[in-house]
Amino acid sequence: MSVASVTPRGPKPGRLTLGRFGLYAFLISAALFFSVPLYVMIVTSLKTMPEIRAGGIFSLPQGLDLSAWKTAWSGACAGTECAGVQAGFWNSVRITLPAVAISVLVGAVNGYALSFWRPRGGTLMFGLLMAGALVPYQVFLYPLVRWFATGHLYNSLPGIVLVHILFGLPLVTLLFRNYFVTIPEELFKASRLDGAGFWRIFAEIMLPMSVPMLVVAAMMQFTGIWNDFLLGLVFAGRENLPMTVQLNNIVNTTTGERLYNVNMAATILTALVPLVIYFVSGRWFVRGIAAGAVKG
Amino acid sequence: MQSAVSVKDLKIAYGSTVVLQNINLEIAPREFLVLLGASGCGKSTLLNAIAGLTDIADGEVWIEGRNVTWAEPKDRGIGMVFQSYALYPRMSVRKNLGFGLRVAGLPKAEIAARANRAAEMLHLTPLLDRRPAELSGGQRQRVAIGRALVRQVDVFLFDEPLSNLDAKLRNELRVEIKKLHQDLGNTMIYVTHDQVEAMTLADRIAIMKDGVIQQLAAPAEIYHRPANLFVAGFIGAPAMNFIEGQIVARGAGHAFVAGGLDLDLAGYQGAPLPGPATLGFRPEHLMPEAGGGPAIEGTVSVVEPMGADTVVWFSHEGQSHSLRLMGDTGLRPRDPLRAGIDITRANLFGADGTRL
Amino acid sequence: MKHRIKRSLMPFGALLPTWLAVVLVYIGAMVWTLRLSFTNSRIFPTDHYVGFAQYEKLLSSSKWMAAAGNLVVFGVLYIAGCLVIGFLLAAALDRQVRFESLFRTIFLYPYAMSFVVTGLIWQWLMNPLLGVQASVQAWGWSGFSFDLLSSRELAIYGVVIAGVWQGAGLVMVMMLAGMRGIDTEQWRAARIDGIPVWRTYVSVVLPQLGPALAAVSTILTMGVIKTYDLVVAITNGGPGTATEVPAKFIMDNLFQRQNLGLATAAAVMLLMSVLIVVAPFRFVSSMRARRKAGVL
């Protein structure tokens, strides 16, 4: 061993230790496990049916065939109806945007009122809201359906929007309450001494300060509502079915031949909006998860 | 005599930023060396390099006659105490003390004996079954010291161990560390930004700035004969007073001239050279001067009575200086003041900042 | 005087919509569902009380018992899988690896996608004729089998794989955040003490992740109890009742079999299971808070 006679000097010789090698091997195989499904989805959507039937789920498509995407968007069949996921996409937009905007605003007001004004019964309400978040939707469904039917909201766009707002309240209220608690109370006291009232303090001081939380809350609500299946299925009605429900109807339809390329294209289309949000603003997304998870 | 710790031509760089370069240190057995400097001066980096917690770019580290440059921290024969105590929060004091030994595979009886002995030395015996969260800051730091103690090593490293404590506890623990050093006779390397800790604990102080050791000497030497302007200004509170002027040759000797001040340099402990220079003198080396000798003339601006002594701030030719007097003083703001300088205790620095 | 009243009413008024939601929807609907579960309602609610007859019927229903059994198997494996894989991924990323943010992005992206999308992707991957199994067999490993979903015994494990793929990233993110919050000097102290890295994770890091672990376990458990979309998309409960789950049992009885009494009884059972699972967590954390307050 000539190494032993060398006087150690300077940096430790860079040896790629077994542990380091194993670490990267683990990370790379995990990355494969997580990314291969996305890869398979994309290549499948670009293949033709004969190509798919020839086997080789991992193989690259022979040509760039976008016809499956076109069919998925505007021609794929759910049962006897062949209109693609297009209508579902626009339904989801029409459901998600107002539901996100209203629930985030209400959540911001709730959090503001709860953490600064502390009205009587506020803690009780917050506790009930948090407890309600733990209750499975199935417990609420039937009574809600009946009440909505009485109020002509059942199977309507305002109905499904309202349902999403109702069930979104716990999360947004939690996010904003926890956020406003971190803002020094001196600020609130100072603005009250300056004579500002409830809404003025909210609109001119608190809301501008909570832009980061507005973004996080809007993102969490957006992905949550866009990805919803159960509520859309029950409350939206045939005319307003969100994209997830339509996608499931198309893929799990029992009539006709199974067009795997179209199914995968439709699946990607449905996942696209949340994925874009995630990839563009991953840091905010992570922050939202962390903020939402830290329940009192 | 063989050094306990020696650092040779050490260089540390992160990417292309060089943090430390050409560091050479010889630390004698049983010596208490303090690395002193402001934050970011590289003192903690140097300590971590000795501990093996930082990758070095060049140089060697020897501990107790062994080249440990490539050795793992645990194989270097060191114990270390951290600023945040770094106790394992979910383990009792006893487990904290014994964890390293248990992993190293020592027999249970031996672990228990060492833990008990350390606990006794540090007055931790009644606390052995508590968790860190149930201890005060001072107790936690004693546990951290105990964890270094049970390793039965010859070299202890301290990384700002008292910075997280309040002033009173800091004073108490400082005395305990000094006692511990006297009892154990270990070599200790101690990083701090607190000059009182440095002055009271150290056999020698290494003052660092921008990754360079400015002066390595005994506390008294550093206080009375600072190697350069930086060291002179860093040590001492209130800080040393400075006056910029010229050294001129006069007869067989020299004189320092600045504005109305003309000071004969006979008796100065050093080698003055003609040219631009800075005169430095500590507040306690100024005396109110009643006679007609050379003196700084000024007006009192603020008087700070501190009990044992009084600090008088006065302005002289637009500059503020301080003067320390024993006991109380009759001086009041706006009083005129003439202060004579004890030239045997003053310091002169040349244009490049080094002491003449 | 007028000012005082206005000031104290305004915050309360701002919370009024949420109060209404809590009282009417959360509490009102729950009470109605509870009441219905003691009646023999079929399509329409009746006031004919039958005591615990619906619950007895439920416990003697082989389909419900199968669903409950599946939920336990799925829940245990899904939570264990997410926790173990998520913790390992977090620990690996915590080791100062290159491309950390790329790996993190890859591990978390499935969490941004809906259960429906997740289910459909894995349904395609586990396709016996054209999926992963066919490709791997074509590569020469003829004994390879990945046809989980068409087997009565294995289908539930297929759902577990899809679920873990979707949810492990969440655990990873939260564990990693916890690890990054641990004082770096503890790592240095452990190196001086000569503690191996794996041992440091097990004995020093893991015990400190308790709160994060509790939070993420609660989230995962809630997800398990609500499991519906994933199963509908991937197997629709089949083959037979191999992947039937309680949430789906309730939906079927509510909207297809029109057995209101039984469905509401099942929903109440689901709620009880939430209480059983969540109550200990709450109890422990409130005890801990109380103990902390006592110490201080």
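The values are calculated or read from the model by the stated rules, or taken from the named source; none is laboratory data. Just so we're clear, the structure is a prediction, and the values are computed from it rather than from any experiment. Counting neighbours? That spans all protein chains shown, and the Cβs are built from the backbone with ideal geometry, glycine included. The accessibility values were calculated without ligands, DNA or RNA, using every heavy atom of the protein model including side chains. Shrake-Rupley method; radii C 1.70, N 1.55, O 1.52, S 1.80 Å.
If packing is taken as the average number of other Cβ atoms within 10 Å across a peptide's residues, how do C:191-197, B:348-354 rank, most packed first?
Going from most to least packed, we get C:191-197, B:348-354.
When all C-alpha to C-alpha distances in segment B:239-349 are sorted into bins of 5 Å, what percent of pairs does each bin hold, rounded to whole numbers?
In order of increasing distance, the bins hold 2, 12, 23, 25, 18, 11, 6, 3, 1 percent.
Taking a ≥ b ≥ c as the square roots of the eigenvalues of the Cα gyration tensor of the protein assembly as shown, is the shape rounded (a/c under 1.5), prolate (a/b larger than b/c) or oblate?
It is prolate, given that a/c is not under 1.5 and a/b is the larger ratio.
Looking at this model, which pairs from B:108/B:168; B:178/B:209; A:12/B:179 are more than 30 angstrom apart at the alpha-carbon?
B:108/B:168; A:12/B:179
Report, by chain and number, residues whose modeled amide H sits under 5 Å from the one on residue A:210, excluding near sequence neighbours (fewer than 5 apart, same chain).
The list, which skips near neighbours in sequence, is empty: none.
Chains C and B: buried accessible surface, both sides, probe 1.4 Å, rounded to 100 Å²?
Approximately 2000 Å², summed over both chains.
First compute the accessible area of the protein assembly as shown with a 1.4 Å probe, then give the percent of it belonging to carbon and sulfur atoms.
Here carbon and sulfur together make up 61 percent of the probe-accessible area.
With r as the distance between the Cβ atoms of residue C:60 and residue C:287 and R0 = 41 Å, compute the FRET efficiency 1/(1 + (r/R0)^6) and round to 0.05.
Taking R0 as 41 Å, the efficiency between residue C:287 and residue C:60 is 0.60.
Taking amide H positions as placed 1.01 Å from N in the peptide plane, with prolines and chain starts having none, which residues 5 or more places from residue B:69, or on another chain, fall under 5 Å of its amide H?
Close amide H contacts, sequence-distant or interchain: B:61.
With a/c under 1.5 counting as rounded, go ahead and sort chain C into rounded, prolate or oblate using the C-alpha gyration tensor (a ≥ b ≥ c being the square roots of the eigenvalues; past the cut-off, prolate if a/b is larger than b/c, else oblate).
Taking the square roots of the gyration eigenvalues as a ≥ b ≥ c, chain C is oblate.
What average number of partner chain Cβ atoms lie no more than 10 Å from the Cβ of the residues making up A:142-148?
6
Highest mean first, how do C:125-133, C:139-147 rank when packing is the count of other Cβ atoms within 10 Å averaged over residues?
C:125-133, C:139-147
Does chain A come out rounded, prolate or oblate, given a ≥ b ≥ c as the square roots of the eigenvalues of its C-alpha gyration tensor, rounded meaning a/c under 1.5 and, failing that, prolate meaning a/b above b/c?
oblate
Whole Å is fine, so just give me how far the alpha carbon centre of segment A:59-102 lies from that of segment C:180-221.
Using only Cα atoms to place each centre, the spacing works out to 45 Å.
Could you state how much accessible area is buried at the A-C interface, both sides summed, with a 1.4 Å probe, in Å² to the nearest 100?
About 7400 Å² of accessible surface is lost on pairing.
Need the full-extension length gain, residue B:194 to residue B:317, defined as separation in residues times 0.36 nm minus the C-alpha distance. One decimal, nm.
Full extension from residue B:194 to residue B:317 adds 41.1 nm.
How well do other chains shield peptide A:275-285, expressed as the mean number of their Cβ atoms within 10 Å of each residue Cβ?
3
Please give the peptides A:248-255, B:307-314 ranked by average Cβ packing (other Cβ atoms within 10 Å per residue), highest first, as a rough proxy for protection.
With the highest mean Cβ count within 10 Å placed first, the list reads A:248-255, B:307-314.
What helices does chain A have that are whole DSSP H segments, at least 15 Å long along their own axis by Cα, and with mean Kyte-Doolittle hydropathy of -0.5 or more?
A:18-45, A:86-112, A:122-134, A:138-150, A:157-181, A:211-226, A:260-280, A:282-293
Find the sum over both chains of the accessible area lost when B and A are paired, probe 1.4 Å, and report it in Å² to the nearest 100.
900
At a probe radius of 1.4 Å, what is the per-residue accessible area of residue C:248, in Å² to the nearest 10?
Residue C:248 exposes around 10 Å² with every protein chain in place.
Would you mind pulling out the separation of the Cα centroids of segment B:179-198 and segment B:52-66, in Å?
After rounding, the separation between the Cα centres reads 21 Å.
Keeping all protein chains in the complex and leaving out DNA, RNA and ligands, what accessible area do you get for residue C:78 with a 1.4 Å probe, in Å² to the nearest 10?
About 20 Å², rounded to the nearest 10.
Just report the Cα centroid separation between segment A:276-291 and segment C:28-99, whole Å.
28
If the cut-off is a Cα-Cα distance under 18 Å, which aspartates and glutamates reach residue A:47, setting aside same-chain residues fewer than 8 apart in sequence?
By straight Cα distance, residue A:47 reaches A:65, A:257.
Per residue, how much accessible surface does the protein assembly as shown expose to a 1.4 Å probe? Answer in Å², no decimals.
On a per-residue basis, the protein assembly as shown sits at 45 Å².
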